[in-house]
Amino acid sequence: MTYYLKKFWKKNLAVILVQLAIYSLTASQALVQIQFFQGIIDLDLNRMLFWQAVNVIVWITFYFLQILCARARASATRAMNNQIRRDMAATLLNKSHQDYHAQDSGEYLSWFTSSVERIENSAWNPFFDLAAYVCMAGTAIIALASVHWSLVLLSLVTTLILSMLPKLFAKKMNHLGEVCAQEQAVATGKLKELLGGFDVLCFFGRHSLFSKGIEQASDQIERPKFEQACKQEVISSGVLGNVSTFISLGNTLFVAVLSIKGIVIQSALTGTGNLCSSVSNGIRGIAGLRLSIASSKAYFDRISVHDNGTERQHNAGIDPVQNTITVENLNFQYGERPILQDLSLQFKKGGKYALTGPSGCGKSTLLKLLLGWLPDYGGAIRFDDKDARDFTPEQLQQQMSYIEQNVFLFNSTIRDNITLGETFTDEQMEKALRDSALMGDLASMPAGLDTIVGEEGGNLSGGQKQRVAIARALIHDRSILLVDEGTSALDQKNADIVEKSLLENPDLTLILVSHHLTPERKEQFTQMYDLQPAVSYLKSA
């Protein structure tokens, strides 16, 4: 939290200064009221009218500053929330492929939505309110000093007492904040799953399951918020509020005694009562808001990387493969289930290789191991003579493209999904479209490359989505292409066009997973590896 307050210190300071001006006027108004009523007591009409005119000016200025304060708070909140989301993005980018996919995307979605909202409500708003209460109590204390020094001493003693009380409850409120964050993340994941399975539930007439699931997830979001709010209010109002009230009553009684003894003017009883209330309310607010801020810690703990606004530093590239990619005695398992055992393969530069075998034998897993996405394996993977463990996944992927069966497309144009924001020549684009067999589809689309693909590519067929993914891989011109059933949704004609262009590229090292290779297509591969479950791996030339 402190990081963001410091990063945007100018905006936050502007809020605090405006709030200081507001509460200085509020304290001044109490002093003006004292002089106004003293004019009435002294039967001094001129004095009464003068101070009443000053009172009107104070209130007009007060309302103008309130508008300015609201704008300043909104501006600071916007800046800090945007920075938090940038930092959350940087935190996710810093995760390994395995760590990222260890959590559901619905939970990450909750980071950028409900977590930021909770931070705003339990950190930024309480911070600004806390600053306001400090200004309120501070200016009231200064105003009290102008009446009599003993009132300041009394306020300082009561401030010390009340400032110590929240420490007794900070740990509990922090725990409540952690529970609330965890519950909301799980519930967001459930909502995402229900929305994703909407068509399935409707098709089988399970409308009640959808409604019930939404209701349960909603309550899972609201229940911890309710419990946190109730317990916080019990502590804030029930305990701290009663203590603050008794102190306020004591302050009022003390001022009354000073007035009776003639130490302060008679009208001071009204004005100082308001000032004492400001001190009391300020201290009470400070105590309660410190508890709220403590509960926000769980949300900030998720952020491990800060985006400083500079381009993300990429790891130094590695030399392109000159000879072979070698897999030696490779072992890998998911949990207790072995997938690959003592697997040894070799892929020569420029060669074309097919991985075949039944489902579950590790074909897709092998591609992910080559990409560096799954680091916990036995044996060795070498790029030429260099161990893959010596490089980051990012370095390995600088010379590899990957096409998977379940293609993801952004809700943008076909062009954007192919280029991913990079600039390519018309010749490069045309070649990628031709080699991916996408050219014919574009001819039938009125907007061509500027056709919007829809959410997750919903406006395109499965084959068209795969062709876009293939064009995306080809245009980025990586020397190694890994294809995991990347042509499974294509008809035979388009599949032949794509596979032919890949197989005839002499500079491309191709490693392809497929269940649907024709006999004549198989003959065009340098080598085929037939993977089998468990122990046995058969190789055939």
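Rg over Rh of the chain, using C-alpha atoms and the Kirkwood radius, what does it come to?
Taking Rg over the Kirkwood Rh, I get 1.17.
In nm, to one decimal, how far is the modelled label at residue 66 from the one at residue 425, with both set 7 Å along Cα→Cβ?
Between residue 66 and residue 425, the label points sit 6.6 nm apart.
By per-residue mean of other Cβ atoms within 10 Å, what is the highest-first order of 209-222, 498-511?
In decreasing order of mean packing, 209-222, 498-511 become 498-511, 209-222.
Starting at 0 and stepping by 5 Å, how many percent of the alpha carbon pairs of the stretch 324-540 end up in each bin?
1, 7, 15, 19, 19, 15, 12, 8, 4, 1, 0
Charges on Cβ only, +1 for Lys and Arg, -1 for Asp and Glu, centred on the Cα centroid of the chain; of 65, 324, 177, which one is farthest towards the dipole's positive end?
Looking along the dipole axis, the top candidate is 65.
Relative to the longest principal axis of the chain, what angle (0 to 90°, nearest 10) does the C-alpha long axis of helix 242-260 take?
Here the helix axis deviates by roughly 30 degrees.
Please compute the length gained on full extension between residue 53 and residue 3, using 0.36 nm multiplied by the number of residues separating them and subtracting their Cα-Cα distance.
Value of the extension gain: 13.5 nm.
Go ahead and estimate [θ] at 222 nm for the chain from helices alone: -39,500 (n - 2.57) per DSSP H run with n ≥ 4, summed, over the residue count, rounded to 500.
-19000 deg cm²/dmol
What's the exposure ranking of 112, 8, going from fewest to most Cβ atoms within 10 Å?
112, 8
Could you please state, rounded to a whole Å, how far the C-alpha centre of the stretch 359-401 is from the C-alpha centre of the stretch 35-93?
Using only Cα atoms, the two centres lie 60 Å from each other.
Put +1 on the Cβ of every Lys and Arg and -1 on every Asp and Glu Cβ in the chain; which of 82, 263, 93 then has its Cα farthest towards the positive end of the dipole?
Value: 263.
How would you rank 40-47, 175-182, highest first, on the average number of other Cβ atoms within 10 Å across their residues?
The most tightly packed comes first, giving 175-182, 40-47.
Mind putting a number on the dipole of the chain about its Cα centre? Charges go on the C-beta only, +1 for Lys and Arg and -1 for Asp and Glu, and I need it in Debye to the nearest 20.
Using Cβ point charges on Lys, Arg, Asp and Glu, the chain gives about 2140 debye.
May I ask for the angle, rounded to the nearest 10°, between helix 149-164 and the longest principal axis of the chain, with both axes built from Cα atoms and the value confined to 0 to 90°?
30
Please report 146, 208 as a ranked list, fewest other C-beta atoms within 10 angstrom at the top and most at the bottom.
Going from sparsest to densest Cβ surroundings: 208, 146.
Note the angle between two axes, namely the Cα long axis of helix 125-147 and the longest principal axis of the Cα atoms of the chain, as a number of degrees from 0 to 90, rounded to the nearest 10.
The two axes meet at around 20 degrees.
Where the only charges are on Cβ atoms (+1 Lys, Arg; -1 Asp, Glu), what is the dipole of the stretch 344-468 about its Cα centre, to the nearest 20 debye?
Using only the charged Cβ atoms, the result is roughly 580 debye.
Highest mean first, what order results for 358-368, 336-346 on Cβ atoms within 10 Å?
The densest-packed peptide leads the list: 358-368, 336-346.
Taking every DSSP beta bridge that has both residues in the chain, what percent is antiparallel when rounded to the nearest 5?
Of those bridges, close to 55 percent are antiparallel.
Using the 10 angstrom Cβ neighbour count as an exposure proxy, how do 278, 28 rank, fewest first?
28, 278
Over the stretch 367-459, what is the relative contact order in whole percent, taking alpha-carbon pairs under 8 Å and six or more residues apart?
30
Under a plain spin-label model, where a point goes 7 Å from the Cα along Cα-to-Cβ, how far apart in nm are residue 461 and residue 306?
My value for the distance between the label points is 5.3 nm.
No value in this document is a laboratory result; all are computed from the given coordinates. All values reported here derive from a predicted model rather than from experimental measurement. With ideal geometry, Cβ positions are generated from the backbone for all residues, glycine too; neighbour counts draw on all protein chains shown.
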